Structures are given as C-alpha cells and as structure tokens.
Amino acid sequence: MKVIKEIAAMQDVADYFRCVGKKIGFVPTMGFLHKGHVSLIDKAKEENDVVVVSIFVNPTQFLPGEDFEKYPRDFLKDYFSCEKAGVDYIFHPSVEEMYSAKSRTRVVVSEITDSLEGKARPDHFTGVATVVAKLFNIVKPNIAYFGQKDAQQAVVIRQVSEDLNFDLKVSICPTVREENGLALSSRNSYLSDAEREEAAAIYKGLCEGKKLVINNSVSDSNAVIGKIGETIKANSKNINIEYIEITDNCDLKKIYDLSSYKGDVLISLAAKLGDTRLIDNILFTK
Ligand code: AMP
C-alpha cells in the first residue's frame, strides 16, 4: 500500500490504471476509520482492480463554530486499517494541497440542499460537493462508494455526478451499526459509554417509524414523526431531537399523506446528545 500526498502524483497513478484497463474503486473519507468505512472498502475490493481511499478532513464542509479543529484524527491507525483491508493507495493531501490560496470555484447544488442537513448546516453541501468533485477529478474512479448513513449526502453526490457528467458510477452502501442499533460514526468517539447506550434510542425510533409506515397504520406523516419522537423519548432522557422528516429519496420532498404514497421512503433525523450532534436515517420502499 502506498500513501500519496500530491494531487499530480495521484492523477498520474489514476491515469496509468485507466490506461491499462484496470478498474479503480474509490472510498472518500475524513479518516478515523471504523467498520462502516471498512464495509465500503470491502465492496470496492470486490468490484475493482485497484482501491483508493482518501483521508482528508475537508475544512470547507464545516461551518464556523463546528468541530473542524477537534474532529478526530489518527492517521497511523487509519493506515493500518487500510492495509488490513487490502487498500492499494491512500490519498492523504494537506489542506493547502487541496485548496490553493487562489481557489475560487465552488459546486453549489440547489433545492435538494435546502432541507434537512442543508437547512441545519448552510453551505455544508457546497463544501461536500466541491471536495467530492475535486476528488473525482484527482482519483478518476470507475466506481465511488458512499454510505447510506449520510442519506442527503448520497442524494447530493448522485446529483452532482449526473449534472457534471462524471464518468463513474456512484454506489451507496448500507449503514453499519453497533449491536444496539447505533450507526457507526467517527463522531461517536465524542460519546461516553453511557451515551452510546442511550443513543441506541435513535434507531429504535426510526424502526418504529418504518413499522408504522409499512403497516399503513398511520397515514399522516406528522403523526408518524410524533410517534418516532415519543419512542426516542421513552428510551432516552438526554436526547434532544433537532428534526425528524419523512421524504422521498430523490428530490427529498416531504411526504404528507403516506397512505397514497408509493416508492422509496426516507426517514431522516438529527439529534443532540450532550454536545454531540448525531444524524441517522432509515430507507425503505412502500
Ligand atoms: P466520513 O469519514 O464520515 O466522511 O465518511 C466517509 C464515508 O463513509 C461516507 O460515504 C459515509 O456515508 C460513510 N459512512 C460513515 N459511517 C458509515 C456507516 N456507519 N455505515 C456505512 N457507511 C458509513
């Protein structure tokens, strides 16, 4: 496994593999890798000849006052996780390498970024879309892998890839969870053991919501949202829900009447536990 820090060197490697007809699988990450990231690497290994993982904590997707500085980082540990998972290249650029002082271009995605995380974190998805577009031009993958854990990010990246005609496939992989249901996340390292147990209430709530929708037992989506909130509150004293929304999984438009709706249903949620902000979702077809 090799570590590449320069954009030009990564592009040369990518050009070589493209030229000799090898398929490049790409897993973009911010590091502090866990089993969720490894599941994406495993899928990339299965489907490609070469696997590239990027490790880059992207400053432009953090808002002022967010946790950019204290975001967990442990490159050595990540190095060994990647090596064990059979990664071929780690792309690990500096902030200066990715954003020169003259950088002026941003990728702005409209409408689907107005709600959910985009509403709670204005400009977050401009940072995400910009860095992902840059990484696609640097790593030149055939297939890029993302997690369903970040549901809106998945929708945004599919849109960017289509709108900007990137010559690649975007593959969205299932959320990997702890045994108690808590979705794995690098930010879970901010939680105490007791908080990790308590945070399991979030997935219990989402599962309850799914059950109500699938069984057609409640047709008003606001009533389902209320029940999800009640389930979370019944299982946790300290979780403060920021939003719960029920949407489709393409335009992220709210579904109001569930009884007449057919198609993919996405229930998304953000909540705070102490100082830690957690997001999760459940996606299913009705
Ligand atoms: P991050 O390092 O948090 O930016 O995540 C890098 C990629 O891993 C993104 O595509 C995430 O959606 C994905 N990811 C994060 N957590 C999980 C998880 N628990 N299961 C599956 N994929 C995940």
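Annotation note: of Phe26, Phe17, the sole residue that is more than 9 Å from the ligand (Cβ to nearest atom) and touching a helix residue (DSSP H, G or I) at 6+ places or on another chain (Cβ under 6 Å) is Phe26. Scanning the range 74-97 finds no residues that are within 28 Å of Tyr243 (Cα to Cα), surrounded by fewer than 16 Cβ atoms within 10 Å (Cβ to Cβ) and assigned by TED's automatic domain parsing to the domain that holds Lys22. Restricting the first member to the range 60-83 and to residues that are on the phi < 0 side of the Ramachandran plot, and the second to residues that are of a type in the set (S, T, N, Q), the beta-carbon pairs closer than 7 Å and six or more apart or on different chains are Thr60/Thr130; Pro72/Ser186; Pro72/Ser189. Considering only residues that are without any contact (Cβ under 8 Å) to a residue 40 or more places away in the chain and under 15 Å from Leu273 (Cβ atoms), look in the range 230-243 and name the one that is surrounded by the most Cβ atoms within 10 Å (Cβ to Cβ). So, considering only residues that are without any contact (Cβ under 8 Å) to a residue 40 or more places away in the chain and under 15 Å from Leu273 (Cβ atoms), the one surrounded by the most Cβ atoms within 10 Å (Cβ to Cβ) is Ile232. The set of residues in the range 120-178 that are more than 21 Å from Gln61 (Cα to Cα) and of a type in the set (A, V, I, L, M) comprises Ile143, Leu168, Val176.
Could you check the range 176-209 and list, in sequence order, the residues that are within 24 Å of Gly226 (Cα to Cα), within 13 Å of the ligand (Cβ to nearest atom) and crowded, with 18+ Cβ neighbours inside 10 Å? Selection gives Leu182, Ala183, Ala199, Ile202, Tyr203.
Among residues of the range 25-40 that are of a type in the set (D, E, K, R), those with a beta-carbon under 6 Å from a residue that is within 7 Å of the ligand (Cβ to nearest atom) and in a loop (DSSP other than H, G, I, E, B) at least six positions away or on a different chain give the pairs Lys35/Val176; Lys35/Leu184.
Flag not set for Val213, criterion: in contact with a helix residue (DSSP H, G or I) (Cβ under 7 Å, 6 or more places away or on another chain), in a loop (DSSP other than H, G, I, E, B), outside the structural domain of Arg73 (by TED's automatic domain parsing) and surrounded by 15 or more Cβ atoms within 10 Å (Cβ to Cβ). For the range 18-59, a tally of residues being surrounded by fewer than 16 Cβ atoms within 10 Å (Cβ to Cβ), within 19 Å of Lys84 (Cα to Cα) and small (Gly, Ala, Ser) returns 0.
Ala234 meets the conditions (1) under 30 Å from Ser110 (Cα atoms); (2) of a type in the set (A, V, I, L, M); (3) out of contact with any Asp or Glu (no Cβ under 8 Å at 6 or more places or on another chain) in every case but one. The failed one is (1). Restricting the search to the range 147-164, which residues are among the polar types (S, T, N, Q) and assigned to a helix (DSSP H, G or I)? Passing the criteria: Gln152, Gln153, Gln159, Ser161. Filtering Gly226, Gly263, Gly274 for residues that are touching a residue at least 60 places away in the same chain (Cβ under 8 Å), not hydrophobic (A, V, I, L, M, F, W, C) and not assigned by TED's automatic domain parsing to the domain that holds Thr29 leaves a single hit, Gly274.
Of the residues Val176, Val218, Val132, Val213, the single one that is among the aliphatic types (A, V, I, L, M) and closer than 30 Å to Ile7 by Cα is Val132.
Cβ separations smaller than 8 Å between residues 6+ apart or across chains give the following pairs from the range 165-187 residues that are in a loop (DSSP other than H, G, I, E, B) and of a type in the set (Phe, Trp, Tyr) to residues that are surrounded by 18 or more Cβ atoms within 10 Å (Cβ to Cβ) and at pLDDT 95 or above: Phe166/Ala133; Phe166/Phe136; Phe166/Val160.
A residue that is in a loop (DSSP other than H, G, I, E, B) and out of contact with any Ser or Thr (no Cβ under 8 Å at 6 or more places or on another chain) occurs somewhere in the range 125-140.
The values are calculated or read from the model by the stated rules, or taken from the named source; none is laboratory data. The model shown is predicted, which means the values in this text are computed figures rather than measured ones. Cβ atoms come from the backbone with ideal geometry, glycine included; neighbour counts cover every protein chain shown.
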